[in-house]
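Student: The structure under discussion is supplied below as C-alpha cells; questions concerning it will follow.
Please treat every number below as a calculation from the coordinates, not as lab data. Not measured: the values here are computed from a predicted model. Positions of Cβ are backbone-derived with ideal geometry, glycine not excepted, and every protein chain shown enters the neighbour counts.
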Amino acid sequence: MAGVAKPFSALLLCSLLLLCTSTAMIHGKKMRLASSHRPCKRLVFYFHDIIYNGKNAKNATSAIVGAPAWGNRTILAGQSHFGDLVVFDDPVTLDNNLHSTPVGRAQGFYFYDRKDVFTAWLGFSFVFNSTEHRGSINFAGADPLMNKTRDISVIGGTGDFFMARGIATLMTDAFEGEVYFRLRVDIKLYECWEKA
C-alpha cells in the first residue's frame with residue numbers, strides 16, 4: 001500500500017497545480033482566465049432587427065413565427081407582445097449605422113414571456129466570418145426590455161471565441177415603432193481561449 005500512496009500523492013499534487021494555474025490546454029488552444037474580475041477580452045457590436053410587418057419582406061431580418069390565438073404573424077400581440085416568438089437573422093456591425101458593412105450575423109430567436117411586463121427571453125449567436133473575427137459567440141438569457149441596460153450570459157463560442165464565457169450588456173440604442181430596433185452589445189469575456 002505504501003508504494004501506491006506515493007504515485008497517488010504525486011498525481012493529486014499535479015492535479016491541484018493544474019487547477020490552480022490560470023491557463024489550461026484543450027484541442028491545441030490555451031485558456032486565459034480573467035484576473036481580479038477584469039475581462040480578458042471586451043468587444044462592442046450593434047445588431048439591427050427589422051421585423052416583418054406584412055409589407056417589408058425585402059428588408060425584413062426577423063419574423064413572428066409563433067403567436068397566441070388572439071395575435072397574428074404580422075402584428076405583435078397586445079401591449080406586452082406576450083406569446084410572440086420571433087426568429088431573426090440580423091446584420092451585426094461595428095457602429096450604429098444599419099448600412100455599415102456587416103462583420104457578422106445575429107441569428108436566433110426571442111419570445112415575449114410575460115403578460116404584465118414588456119420582457120423577452122433571448123437565445124442567439126453572433127456568427128462571424130470577417131478578416132478580424134471567425135467563429136461564433138452564443139448568448140442566452142432574460143431581457144427585461146424596459147431597463148436601460150440588461151445583462152445576458154455568454155454561454156460559449158467557436159473559432160476565435162472557442163468555449164468563451166462571460167456577460168453581454170444589452171442597450172436599446174434605437175427603435176422605430178414595432179418594426180426596427182438596434183441593440184448595442186457590450187461583450188465582456190472572462191474565459192478566453194487562444195491558439196497555443
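Student: What number of residues in the range 146-164 are surrounded by 18 or more Cβ atoms within 10 Å (Cβ to Cβ) and more than 10 Å from the chain's Cα centre (by Cα)?
Tutor: Selection size over the range 146-164: 5.
Student: If you don't mind, there's one more thing I want to ask. Which count do you get for residues in the range 105-124 that are closer than 26 Å to Leu94 by Cα and basic (Lys, Arg)?
Tutor: 1
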